[in-house]
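The values are calculated or read from the model by the stated rules, or taken from the named source; none is laboratory data. What you see is a predicted model; the values in this text were computed from it and never measured. Quick reminder, even Gly has a Cβ in these numbers, built from the backbone with ideal geometry, and neighbours come from all protein chains shown. Accessible surface areas use protein heavy atoms only, side chains included; no ligands, DNA or RNA. Shrake-Rupley method; radii C 1.70, N 1.55, O 1.52, S 1.80 Å.
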Amino acid sequence: MTLSSDKELNGLDNPSFMGEDGSQYCSSQGCAARSPDEGRDKGHGSSKLAYTVTDMPPWYLCILLGIQHFLTAMGGLVAVPLILSKEICLQHDLLTQSHLISTMFFVSGICTLLQVLFGVRLPIIQGGTFAFLTPTLAMLSLPQWKCPAWTQNATLVNASSPEFLEVWQTRMREVQGAIIVASCFQIFVGFSGLIGFLMRFIGPLTIAPTITLVALPLFESAGEEAGYHWGIAFMTIAFIVLFSQYLKDVPVPLPSYQRGKKCHFSAVYLFQIFPVLLGLSLSWLLCYLLTVTDVLPGDPAAYGHLARTDTRGNVLSQAPWFRLPYPGQWGVPTVSPAGIFGILAGVISSMLESVGDYYACARLSGAPPPPKHAVSRGIGVEGIGCLLAGAWGTGNGTTSFSENVGALGITKVGSRVVIVTGACTMLLSGIFGKVGAMLASIPTPVIGGMFFVMFGVITAVGVSNLQYTDMNSSRNIFIFGFSVFAGLAIPNWAKQNSALLQTGIIQLDQVIQVLLTTGMFVGGLLGFFLDNTIPGTQEERGLLAWKNNHKGEADNSQLLSKVYDLPFGIGTKHCAVSWFQYLPACPKRLPVSSVKASSERESELGANTWI
């Protein structure tokens with residue numbers, strides 16, 4: 001999902017990075033050498049940044065800001081395994097849920113390192129995606145994958161029994177296989193350069209219904225989780241809304257250290273940075289107080305019992321301190337056509353989201369818009385990340401996290417070293433089993449309240465893509481409205497009338513069932529077809545504004561090379577094979593004179609850069 005650069009221009013320069021004269025603090029000579037007016041044109045916020053994409057902050061700032069990025073992404077990283085757990089029959093196995101969360105952290109750390117070092121090379125976090133979740137839930141709703149009734153009864157579930165292990169691991173292996181095969185398509189689209197060709201036919205009227213229908217079908221899941229105690233759920237919603245909307249401009253004085261000022265208090269916009277984390281923590285604490293005072297019912301059959309913290313808290317004592325996730329930990333993945341085609345819809349949606357995130361991330365980190373080879377490489381590496389996620393068994397793929405793109409605009413730190421530090425934090429958290437166990441013990445209504453906010457924002461992000469189109473046009477109103485409505489109505493009918501879709505070929509029946517019950521596939525396909533066949537001008541369709549918003553604005557080949565070329569001299573100083581420049585995902589080799597000039601310029605600036 002694409003975030004607007006408005007966050008960059010909201011005037012909330014983080015005082016923690018301000019000098020005594022009110023100027024932005026920046027340790028690198030390269031920053032000091034920039035003129036005050038440099039980078040103030042549209043799409044570039046270099047003059048507002050404490051550190052740009054190639055700068056390296058002090059080590060202590062890298063650690064603190066890296067942890068902050070991990071905490072910012074935590075809501076999305078935890079939500080996906082918790083939703084998936086119920087559909088793979090793990091509703092009453094909290095220990096395995098904690099293992100899934102730890103695996104998600106670990107794999108997200110690996111994928112983030114790959115993306116920052118060898119992918120698009122922008123400071124962008126990788127993590128689980130709801131775009132994969134929707135088709136996964138559609139696949140698991142097939143008759144042969146529905147959970148047996150006894151797995152829904154906590155008294156009948158023995159988490160260590162071979163029968164129970166076979167039930168959930170069979171389903172997980174099926175999801176893994178579908179993700180692994182579908183990720184090969186994303187790898188091909190990325191490294192072949194096909195993504196650039198496909199983007200010619202994909203505009204806002206395709207992307208808007210696709211992303212909108214990622215979250216809308218999840219209303220039932222959110223309502224069911226919140227319905228275990230509506231009071232607690234609404235309290236969680238109220239906290240998150242209070243922090244993210246009403247108190248976002250309220251600074252909080254926190255202890256800080258800065259040269260010249262030593263220890264002092266600095267104003268930090270804490271509520272704007274951590275609204276979800278603060279909301280969950282406060283609701284969780286209140287649930288604990290209501291539990292120890294026995295205000296919440298202790299009877300498992302009573303309404304509100306699942307809001308108690310002691311119903312899920314025993315997982316903390318059961319979880320190991322250290323557990324290293326590994327590929328194939330749930331067994332050898334299996335493959336079926338139905339799963340592959342369903343996940344492909346998620347892959348396409350994920351790619352569309354990520355392309356928009358790359359451009360937004362470049363704007364907020366002081367980098368020029370990414371060239372085609374960087375975008376292609378980024379999509380290809382995301383495909384590799386999805387393959388790794390399938391191999392490790394997260395039950396999901398990986399994509400770029402828009403939440404962290406927004407955090408760049410808030411902190412004014414666009415350094416990719418900070419994201420590398422955040423990735424290392426995710427890796428360590430995935431190894432410490434107690435971290436995943438603690439997050440798996442969050443009371444169910446608190447999770448439901450978080451889902452309400454998160455799914456609502458994702459829906460709105462999808463609709464926001466219509467800002468590029470002329471919504472006074474009856475053509476555009478018809479395409480969007482019809483695509484979204486059909487994306488809700490057709491899957492609902494297909495779920496209730498699966499017998500009418502049978503062709504006699506089991507594999508084909510499964511493929512049809514999964515595709516027709518995946519709202520984002522139905523709505524996205526209709527939007528794509530109608531937008532490319534119904535007559536309309538480029539301006540009316542929003543393609544002109546869309547392309548202008550995503551086109552490259554910088555012709556500075558030195559800066560492009562510095563930001564987007566492969567690290568460690570790959571393709572230039574080392575492994576400089578001549579035919580590399582003809583690969584779509586590899587940068588074009590600059591003339592010797594340009595390379596020499598770039599080196600001299602870098603020496604003059606003495607920039608404190610890393611890789």
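Applying the criterion of at least 2 residues that are among the polar types (S, T, N, Q) and in contact (Cβ under 8 Å) with a residue 12 or more places away in the chain to the helices (runs of 4 or more DSSP H) found wholly in the range 259-328 leaves 275-292. Looking only at residues of the range 466-481 that are open to solvent by less than 50 Å² (accessible area, probe 1.4 Å) and polar (S, T, N, Q), we find that the one that is farthest from the chain's Cα centre (by Cα) is Ser473. Screening Met471 with (1) hydrophobic (A, V, I, L, M, F, W, C); (2) in a loop (DSSP other than H, G, I, E, B); (3) under 30 Å from Phe239 (Cβ atoms) gives one miss only, at (3).
State yes or no: is Ser221 open to solvent by 10 Å² or more (accessible area, probe 1.4 Å), of a type in the set (S, T, N, Q), on the phi < 0 side of the Ramachandran plot and assigned to a helix (DSSP H, G or I)? Here the answer is yes, as Ser221 does meet what is asked.
Where helices (runs of 4 or more DSSP H) fall entirely within the range 329-422, those with at least 2 residues that are among the charged types (D, E, K, R) and closer than 20 Å to Met74 by Cβ are at 337-364. Considering every residue within the range 193-209, establish whether at least one is open to solvent by less than 20 Å² (accessible area, probe 1.4 Å), over 21 Å from the mean Cα position of the chain (by Cα) and of a type in the set (D, E, K, R). No, the conditions are met nowhere in the range 193-209. Is one or more of the residues making up the range 107-117 open to solvent by less than 10 Å² (accessible area, probe 1.4 Å), modelled with pLDDT of 90 or more, among the aliphatic types (A, V, I, L, M) and in contact with a Phe, Trp or Tyr (Cβ under 9 Å, 6 or more places away or on another chain)? Scanning the range 107-117 turns up at least one residue that is open to solvent by less than 10 Å² (accessible area, probe 1.4 Å), modelled with pLDDT of 90 or more, among the aliphatic types (A, V, I, L, M) and in contact with a Phe, Trp or Tyr (Cβ under 9 Å, 6 or more places away or on another chain). Has the range 247-256 got any residue that is part of a strand (DSSP E or B) and open to solvent by less than 50 Å² (accessible area, probe 1.4 Å)? Yes: one or more hits. Just the residues that are over 30 Å from the mean Cα position of the chain (by Cα), surrounded by fewer than 14 Cβ atoms within 10 Å (Cβ to Cβ) and part of a helix (DSSP H, G or I), please, taken from the range 494-537. Listed by number, the residues that qualify are Gln496, Ala499, Leu500, Ile506, Gln507, Thr533.
Whether any residue in the range 116-130 is part of a helix (DSSP H, G or I), closer than 24 Å to Ile211 by Cα and of a type in the set (Val, Ile, Thr) is what I want to check. Give the steps one after another, and end with the answer.
At the first step, the residues of the range 116-130 found to be part of a helix (DSSP H, G or I) are 116-118, 130.
Within this subset, residues satisfying the condition of being closer than 24 Å to Ile211 by Cα are 130.
Now restrict to residues that are of a type in the set (Val, Ile, Thr): none.
Checked the range 116-130: no residue is part of a helix (DSSP H, G or I), closer than 24 Å to Ile211 by Cα and of a type in the set (Val, Ile, Thr).
Report yes if Cys184 is open to solvent by 60 Å² or more (accessible area, probe 1.4 Å) and in a helix (DSSP H, G or I), otherwise no. Yes; evaluated as a whole, the condition is true for this residue. Against the test of being in contact with a His (Cβ under 8 Å, 6 or more places away or on another chain), hydroxyl-bearing (Ser, Thr, Tyr) and in a helix (DSSP H, G or I), the options Thr151, Thr134 yield a single qualifying residue, Thr151.
Residue-level analysis places Thr425 outside the set of residues that are closer than 22 Å to His99 by Cα, in contact with a Gly (Cβ under 7 Å, 6 or more places away or on another chain), of a type outside the set (A, V, I, L, M, F, W, C) and open to solvent by less than 10 Å² (accessible area, probe 1.4 Å).
Yes or no, residue by residue, for (1) open to solvent by less than 10 Å² (accessible area, probe 1.4 Å); (2) free of Cβ contacts under 8 Å to residues at least 24 places away in the same chain:
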| residue | (1), (2) |
| --- | --- |
| Ala50 | yes, no |
| Asp55 | yes, no |
| Tyr60 | no, yes |
| Ile63 | no, no |
| His69 | yes, no |
| Val78 | yes, no |
| Leu94 | no, no |
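Close Cβ contacts (under 6 Å, 6 or more residues apart or on different chains) running from residues in the range 509-528 that are more than 10 Å from Ala138 (Cβ to Cβ) and of a type outside the set (Gly, Ala, Ser) to residues that are at pLDDT below 85 and open to solvent by 20 Å² or more (accessible area, probe 1.4 Å) comprise Asp509/Gln502; Asp509/Thr503; Val511/Pro337; Val511/Phe341; Ile512/Leu501.
Of the residues making up the range 395-421, just one is open to solvent by less than 10 Å² (accessible area, probe 1.4 Å) and at pLDDT 90 or above, namely Ile419. Is it the case that some residue within the range 454-461 is under 25 Å from Gly536 (Cβ atoms), in a helix (DSSP H, G or I), out of contact with any Asp or Glu (no Cβ under 9 Å at 6 or more places or on another chain) and open to solvent by 60 Å² or more (accessible area, probe 1.4 Å)? Within the range 454-461, not a single residue is under 25 Å from Gly536 (Cβ atoms), in a helix (DSSP H, G or I), out of contact with any Asp or Glu (no Cβ under 9 Å at 6 or more places or on another chain) and open to solvent by 60 Å² or more (accessible area, probe 1.4 Å).
Annotation note: of Val463, Val484, Val446, the sole residue that is within 19 Å of the chain's Cα centre (by Cα) and in contact (Cβ under 8 Å) with a residue 24 or more places away in the chain is Val463. Inside the range 271-284, residues that are open to solvent by 40 Å² or more (accessible area, probe 1.4 Å) and over 16 Å from Thr444 (Cβ atoms) make up a count of 6. Within the range 321-378, the set of residues being under 21 Å from Gly524 (Cβ atoms) and open to solvent by 20 Å² or more (accessible area, probe 1.4 Å) comprises Pro337, Ile340, Phe341, Leu344, Ile348, Tyr359. On the stretch given as the range 154-181, residues that are part of a loop (DSSP other than H, G, I, E, B) and of a type outside the set (Ser, Thr, Tyr) total 3.
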